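Visitor: Can you keep this structure in mind? I'll have questions shortly.
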Amino acid sequence: MTIIRLAAGAMLALALSGCVTTEAEYRALDEERCRSFGFRAPGEGFSNCLLQLDLDRAAERRRRFDRFDASFGGPWGYGYGWGYGRRW
């Protein structure tokens, strides 16, 4: 029974490890995308393209975090999440 659980856990970890994109992979994808737009490295346009793609990714990360946080009733610690500070 323990071997089966260990094998299942290892398979789950292996499956989830394939879903992680590293910073180097993001950089390579961004560089390829900027080249497809016609920018060439090194150059100001190429650098601005990379910067804009990074800023877009950060904004999307913030948007997803804000949606997650809102689903729990707002930011924790401000008195209204998880029933704290409510007036009955």
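Visitor: Assuming R0 = 22 Å, can you tell me the calculated FRET efficiency for the pair residue 31 and residue 67, based on Cβ-Cβ distance, to the nearest 0.05?
Guide: 0.15
Visitor: Could you give the length gained on full extension between residue 11 and residue 51, defined as 0.36 nm per residue of separation minus the Cα-Cα distance, in nm?
Guide: 10.7 nm
Visitor: Once you put a point 7 Å from the Cα of residue 24 and another 7 Å from the Cα of residue 59, both along the Cβ direction, what distance in nm separates them?
Guide: Taking the two extended label points, one gets 3.0 nm.
Bear in mind these aren't lab numbers, they're just calculated from the coordinates by the rules spelled out. Fair warning: this is a prediction, and the values are worked out from it, not measured in the lab. In this analysis, Cβ positions are derived from the backbone assuming ideal geometry, glycine residues included, and neighbour counts consider all displayed protein chains.
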